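Following: one structure in structure tokens, then a few remarks.
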Amino acid sequence: SEAEQQAGTSGLPSGLVYPWRKAFAPRTGFAWRVPRIKQMVVRAGFGMNYTVGEYATFGNEMAREPIFDAHGNAIVNEQTNTEAQGNAASSACARTVPISCFTLANGFPAPDQVGNYALDPHYGLPYLQVWNLDIQKTLPLAIVLNVGYNGSRANHLDITSAPRATPSSPGTDPDNQIFVYDEALGFYKMNALTVRANKRLQKGISLGANYQYSHAIDNASSVNGTTTAVVQNWQDLAAQEGHSSLDIRHQVSGTYLYELPFGADKFWVTTGVGSHILEGFSVSGSFSFATGAWLTPTVTQDNENVECGTTNGLRASLVPGISPTAGGRGFNQWFNTAAYAAPAVNSSFPCAAFGNAPRNSIEGPGTLTNNMALSKTMQLGDTRSMEIRATINNVFNTVQYSGVNTTLGTPQFGQVISVGAMRSFQFMARFRF
């Protein structure tokens, strides 16, 4: 049945979203120099942060919703509508006039209405907790070794669904308006082991290398700041859990610097014209190797997606007995396309079945980068100097796959569709005075 609710009535607060009064954000840390163990330090910390960015989205979304009079009729007068929308900037599903408020309790009114956005009035304030433990030890040859653990957990993250009436729901019409329901039920959790070794500059040589093994899990694409996708099945949010789009399982990176041993205060050619020509040269660079991010097998956008209200969110189904990775990792077939099929659809009710392929279940292409630079610094007396630098990005011209088509029903399904930048050169001169 249709119900009318206004801000400040029927148990709703004047702002329509109950304020969050538990925003306690502690931060703490310590550093301990271990006694009797030379040059060993233990550090640890914990912090908690909140965000209110979503609240601006709520007001913006609701300001665009149509308003209704006390009889449930849409107000079409432009001036009245504009004034009402202005008053709605700080509200969610109710305005200064009675409207048809979409909630899970009364979200399927008859007859069909025009509004298509609703918000949980008990929306919790999103927060992030981070913690870390790091052990540092200085080794011979000016090498500093760090072994650490980093963890994070976020709760009350934004997640959107498309509640839909079903034929078995009493007093509802499954052909009525689909609306987006916004809740703070998203989560993100990550754990990482890191090992870092850095050799301080000594005799013109500096080196650094880092390795990280991590695993991140979430249930909402909004975690990584991309366009939010509506969950596939609003009655089964647990099925959204999977590898996070931010989950990079293995990462190795490093830097190096070698100052050529020519010129004054160096080993060779310390005097004369040759010293001035050869001094100040250095070779530096960076490298990075990482496994790929995770991708979701989806189906093409068609009437089925629109009917379900899950555009960009409806996943493909796994074919029993076929491995998704068999014969993959190639340019023309990154994964086994035969392992996926369109989800079964009930002709009498298109949203009765959903794809069972896990979200973010396809590992995308990894990355491999090598950048180098050759530079020369010439001292021109006092505080003046001239630096000339040549930089090479992707020095070995390695082809980097950067995109894979994961939409079932498209001609390029399973193929690599984009690559990263190829080798490039940059030249720079800088005069300091």
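Taken per residue, the accessible surface of region 315-412 reaches 51 Å², heavy atoms only and a 1.4 Å probe.
In order along region 257-272, the Karplus-derived 3J(HN,Hα) couplings, from 6.51 cos²θ - 1.76 cosθ + 1.60 at θ = phi - 60°, round to 8, 10, 8, 4, x, 10, x, 4, 6, 10, 8, 10, 6, 8, 9, x Hz, and Gly and Pro are given as x. Remark on Ser244: its backbone amide H falls under 5 Å from those of Ala216, Ile217, Asp218, a criterion applied only to residues 5 or more positions apart or on other chains, H modelled at 1.01 Å from N. Cross-link pairs exceeding 32 Å between alpha carbons, from the set Lys38/Lys189; Lys22/Lys137; Lys137/Lys266; Lys38/Lys376: Lys38/Lys189; Lys22/Lys137; Lys38/Lys376.
In order along region 397-405, the Karplus-derived 3J(HN,Hα) couplings, from 6.51 cos²θ - 1.76 cosθ + 1.60 at θ = phi - 60°, round to 6, 6, 6, 10, 5, 10, x, 10, 7 Hz, and Gly and Pro are given as x.
With contacts taken as Cα pairs under 8 Å at a separation of at least 6 residues, region 223-289 carries a relative contact order of 30 percent.
The values are calculated or read from the model by the stated rules, or taken from the named source; none is laboratory data. Keep in mind that this is a model prediction, so the values were computed, not measured. The protein model used for the area step is the full one, side chains on, heavy atoms only, and it has no ligands, DNA or RNA in it. Shrake-Rupley method; radii C 1.70, N 1.55, O 1.52, S 1.80 Å.
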